[in-house]
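Nothing in this text is a laboratory measurement; each read-out follows from the coordinates by a stated rule. Since this is a predicted model, take the numbers as computed values, not measurements. FYI the Cβ positions are ideal-geometry reconstructions off the backbone, even for glycines, and counts take in every protein chain you see.
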Amino acid sequence: MKQAIMIGAGNIGRGFIGALLEKSGYHVTFADVADNLISAINQRRSYTVHIQDRECSDLTVTNISGISSAGPELVEAIAGDCELITTAVGLRILPIVAKPIAAGIRARKEAGSTRILNVVACENAIRGTSQLREAVYSNLSEEEAAYAKEYVGFADCAVDRIVPKANFENPLDVAVEQYTEWDVEKGGWKGERPEIEGLGWVDNLDAYLERKLFTLNSGHAICAYLGSLKGHKTIVESIADPAIGALVHQAMWESGEGLIKKFGFDPDAHHAYIERIFARFQNPFLADETQRVAREPIRKLSPTDRLMKPLMTAYGYGLPVDHLIFGAAAALHFNCPEDEQSVELMKAIEDGGVERALEQYTGLKPEDALFTRILDVYRALAVAKG
């Protein structure tokens, strides 16, 4: 039977990646530092993934076992007949898990194994696997690194699934939304590519990372900033507001036209992707608070992030951006005393005026046509806010 190790047995590990692997015929060995979690996995030997969306369903996961990621068990498992390692531990922890992965690779070399092993870091980070690979190689000798280059693949990926908060009788059970996306870049994979349910193989991961930024992250942020202005507490409330919902939808289509031009996405397929993302915002189980989604407005107003980059890309192709402009304009209104960046932004506007803040944080210049258009919408929103 195919063997996979899922390092990180948290909600994403169990509810997303581990569940997809088990459903695709793998025995999944969960590795985690939480002894109580590993004990529960080995005692219960199953858990349920509760899909909570506008349509609900359950998926039972049974072909599993657990080991500690802090002891020799993980190295022994990697050194055995494992063919795939995935992680869901957070970017900060990757250098830590790199050490047992390197030790496992070393053991495979010493045993003379020529079996292919692939590693995929399923983290909410850009090219997390590449960062993990560098950390692993830093723990290998030159000969071991040469072995790894021949027999170990490191494939970058993009992952997307939201885990609603929920409590169940079985502590291993987890709630997830219906939507799932796991895109793995072909170039880093070694050997035959397996068929894994929910996994899509892509040639250019950057296009898919940007697709998420321009669609999910951009639409989410615009919805949050406009909802916050109108006093809505959650994304579900905001998107249900007819004025906000229609504007967010149009903004996502505008950013989508820019992506289609830039990467050559199939228009029908990308428009369908937009509709799937827009539907996610309406999931009643995802209690995303507008204040949480809107936090750190300075970062989100930067030229490379979710508000300005989609706007500038579409505008650069001469495409309409009438609705995307609302994202930057509304972000300039975000006033949250508990958020450091919001406090800094409000002070910058108070001290130097909104014009200086717009130039400082977005990179736009006063002579740019978009500069004036954003300011016009900013002032219109101020009037509407009263």
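So which lysines can K2 reach, going by Cα to Cα under 23 Å and dropping same-chain residues fewer than 8 places off?
K23, K109, K149, K186, K190
Shape of the range 57-108 from its Cα gyration tensor (a ≥ b ≥ c, root eigenvalues): rounded if a/c is under 1.5, otherwise prolate when a/b > b/c, or oblate?
oblate
Can you tell me which lysines have their Cα less than 18 Å from the Cα of K212? Leave out same-chain residues fewer than eight positions away.
K261, K262, K300, K309
Okay, which of the range 96-123 sit inside 14 Å, backbone N to the point 7 Å along the Cα-Cβ direction of E143?
Backbone N within reach: 106-113.
Determine the sum of side-chain charges near S302: Lys and Arg each +1, Asp and Glu each -1, restricted to other residues whose C-beta is under 11 angstrom from that of S302.
+2
Want the number for E150 to A107: 0.36 nm per residue separation, take away the alpha-carbon distance, what's left?
Using 0.36 nm per residue and subtracting the Cα-Cα distance, I get 14.0 nm.
In Å and whole numbers, how far do the C-alpha atoms of the range 10-161 stretch along each principal axis, longest first?
52, 33, 26
May I ask which residue of V136, L59, N124 lies farthest towards the positive end of the charge dipole of the range 50-198, with charges of +1 (Lys, Arg) and -1 (Asp, Glu) on Cβ and the Cα centre as origin?
The listed residue farthest towards the positive side: V136.
With both partners inside the chain, how many of the DSSP beta bridges are antiparallel, as a percent to the nearest 5?
Expressed as a percentage, antiparallel bridges in the chain total about 25.
How would the range 254-386 be classified by its alpha-carbon gyration tensor: rounded, prolate or oblate, with rounded meaning a/c under 1.5 and the a/b versus b/c comparison settling the rest?
Oblate.
Treating the range 146-198 as a set of equal point scatterers at the Cα positions, no solvent, please give the Debye-formula log₁₀ I(q)/I(0) at q = 0.29, 0.30 Å⁻¹.
Summing over Cα pairs of the range 146-198 leads to -1.15, -1.18.
How do the peptides 297-308, 343-354, 31-42 rank, highest first, by the average count of neighbouring beta carbon atoms within 10 Å per residue?
The packing order, highest mean first, is 297-308, 31-42, 343-354.
Below 13 angstrom from the Cβ of Y315, what's the summed charge of the other residues (Lys, Arg +1; Asp, Glu -1)?
Surrounding charge for Y315 is 0.
Go ahead and run the numbers for FRET between H271 and A166, Cβ-Cβ distance against an R0 of 35 Å, rounding to 0.05.
The computed FRET efficiency comes out at 0.65.
If you place +1 on the Cβ of every Lys and Arg, -1 on the Cβ of every Asp and Glu, and leave all else neutral, what size is the dipole of the chain about its Cα centre, to the nearest 20 Debye?
The calculation lands at about 120 debye.
Which trypsin sites (Lys or Arg not before Pro) does the range 1-71 hold that lie in a coil by DSSP with at most 12 other beta carbons within 10 Å?
R54
Return the Rg/Rh value of the chain, two decimal places, where both radii are evaluated on C-alpha atoms and Rh is the Kirkwood radius.
Ratio value, two decimals: 1.02.
Any idea how far apart D241 and K261 come out in nm if each label point goes 7 Å out from Cα toward Cβ?
Modelled inter-label distance: 2.9 nm.
Distance between the C-alpha centers of the range 151-165 and the range 292-361? Whole Å please.
That distance is 29 Å.
State the extension gain, in nm to one decimal, for the chain segment bounded by R44 and A382, taking 0.36 nm per residue of separation less the distance between their alpha-carbons.
So the extension gain works out to 116.1 nm.
For the range 245-347, give the magnitude of the charge dipole about the Cα centre (Cβ charges: +1 Lys/Arg, -1 Asp/Glu; no others), in debye to the nearest 20.
It comes to approximately 180 debye.
Would you please classify the overall shape of the range 35-125 from the alpha carbon gyration tensor, given that a ≥ b ≥ c denote the square roots of the eigenvalues, rounded means a/c under 1.5, and beyond that prolate means a/b larger than b/c while oblate covers the rest?
Taking the square roots of the gyration eigenvalues as a ≥ b ≥ c, the range 35-125 is prolate.
Give the separation of the Cα centroids, the range 58-132 to the range 198-272, in Å.
33 Å
With unit charges on the beta carbon (Lys/Arg positive, Asp/Glu negative), name the residue among G327, I260, N204 whose Cα is farthest towards the positive pole of the charge dipole of the chain.
Of the listed residues, the answer is G327.
I'd like to know which of G231, G15, S218 lies farthest towards the positive end of the charge dipole of the chain, counting +1 on Cβ of Lys and Arg and -1 on Cβ of Asp and Glu.
Of the candidates, G231 comes out farthest on the positive side.
If you keep only loop residues by DSSP, which chymotrypsin sites (Phe, Trp or Tyr not before Pro) in the range 102-175 have at most 15 other Cβ atoms within 10 Å of their Cβ?
F168
Taking the Cα centre of the range 181-286 as origin and charging only Cβ (+1 Lys, Arg; -1 Asp, Glu), how large is the dipole, in debye to the nearest 20?
340 debye
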